[in-house]
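Written out below as structure tokens is the structure these notes cover.
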Amino acid sequence: MVATKSGELDLVLLQLPGVEQSDAVENAEFIRFTVQLRIDPSDYDQPPQLFLIFSQDEFGRARMAQGALESQLRTKLEKFSFTDALNGKLVRTNFHQDRSGT
């Protein structure tokens, strides 16, 4: 079983201002890490979140090799995509800094 938060994910998120890790959720098959945007609570009731999903096997293999888990977490964050529930189109996102460095 994995801890409620991943130290490896925290290391990756230190390089991405404006995001933070929430508690992980896991079952016998999968682990879901949650990354949420740090925003003003008066702007949104609930901050936007990204879910990084690993199978237990994938997670275990990544932890065995030095730096592999951090690399996979970074890749999943940088190449995040989801299907829009309203129109069914694939939406790809990426992290970048705005003019203020956030």
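What follows draws every value from the coordinates through simple rules; no lab data is involved. Computed from a prediction, not measured in an experiment: that's the story for all the values here. For neighbour counting, all protein chains shown are included, and Cβ atoms are generated from backbone atoms with ideal geometry for every residue, glycine included.
Post the alpha-carbon centroid distance, the stretch 15-50 to the stretch 57-84, in whole angstrom.
A separation of 16 Å, based on Cα centres.
Per 0.36 nm of contour for each residue apart, how much would the distance between V91 and M64 grow if the chain were fully extended, relative to their Cα-Cα spacing?
Contour length minus the Cα-Cα distance gives 6.5 nm.
DSSP loop GluC sites (Glu not before Pro) in the stretch 18-49 with at most 10 other Cβ atoms within 10 Å of their Cβ, which ones?
For GluC sites (Glu not before Pro) across the stretch 18-49 that sit outside H, G, I, E and B with at most 10 neighbouring Cβ atoms in 10 Å, the list reads E29.
Mind sorting out which of [x] 14.5, 43; [y] 13.4, 41; [z] 12.7, 36 is the real Rg and Dmax of the Cα atoms in Å computed from the coordinates?
Checked against the structure: label [x].
Can you show me the helix-derived [θ] at 222 nm for the chain, built from DSSP H runs with n ≥ 4 at -39,500 (n - 2.57) apiece and divided by the number of residues, rounded to the nearest 500.
Values: 3 runs with 27 residues, N = 102.
Value at 222 nm, helices only: -7500 deg cm²/dmol.
Going 7 Å from the Cα of Q56 toward and past its Cβ, which residues in the stretch 19-37 have a backbone nitrogen under 18 Å from where you end up?
Only 24-33 pass the distance filter.
Taking a cut-off of 27 Å between Cα atoms, list the lysines near K89, but don't count ones fewer than 8 places away on the same chain.
Partners found: K76, K79.
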